[in-house]
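Report on one structure; see the data block that follows.
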Amino acid sequence: MRRVVTLSLWMVVLLAALCVVLFTATLYTYERLTAETLIAELRFDQTAERRFTAHLRTGDRCEERVLPLVGDQFRVDTEFLKWKYWALLLGLDSQYRLDRLEGRYRSVAEQNAGRNVAHDLGDRNAIDLVELAGSLGGWNFLLDATYGSSTYEDIDVGRIYSIYRTTTGIITRSVPRPAALAPGESFTVTINGACGAPSWWQRFAAATDSQVVAALDFVGTDRN
């Protein structure tokens, strides 16, 4: 009997440790919300009428992603997390992460009838913090509020767009594209923070989270 109780306690401890790791992995996909910050830069090359190639650079990934877009405009969506007051006292700042990039038409009729392309900029995690907080109801001790913020602009291949996170949401500013920057060439982005390697704990949490997500996908596929 004692052996069974000991084994059960170890199972509880391991399960709790796994939950902590998965929670951390999800948290690492968000960025701290402290002051106005440059979070992304965009430039575009036109490939056909209302067809563009977007070149996206973000301060957290330190790399460029090349994504197709359709429409007259682009839109960037961001997800924000605001923690309970006790979490703020412990130093857990409000956070954000980029959620989606998509094309947009000026005309509502064209938006409803035309082709649309959207790209998921967020990472899928084993633990969905927003869904978890909602399922807890009155027992939610994590999140005070979750909300989204969007910004959109006309696509102009002659400009470079900077996406800034502010205390109230996100905004877009743009500057003329340098004449020497021909279509297809890379461009320099100012990044808020160094592009250093993640800590061992962040790598461990992310790897564990990926394994759990893969396992859940396998189980879901097997059931179908």
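All of the numbers you see were taken from the coordinates with simple rules; none came from a lab. The structure presented is a predicted model; accordingly, all values stated were derived computationally and were not measured. Counting neighbours? That spans all protein chains shown, and the Cβs are built from the backbone with ideal geometry, glycine included.
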| request: Report ³J(HN,Hα) in whole Hz for each residue of segment 169-178, in order, from the Karplus equation J = 6.51 cos²θ - 1.76 cosθ + 1.60 where θ = phi - 60°; Gly and Pro get x. | output: x, 10, 9, 10, 10, 9, 9, x, 6, x
| said: Given a Förster distance of 22 Å, report the FRET efficiency between residue 171 and residue 100 from their Cβ-Cβ distance, rounded to the nearest 0.05. | reply: 0.85
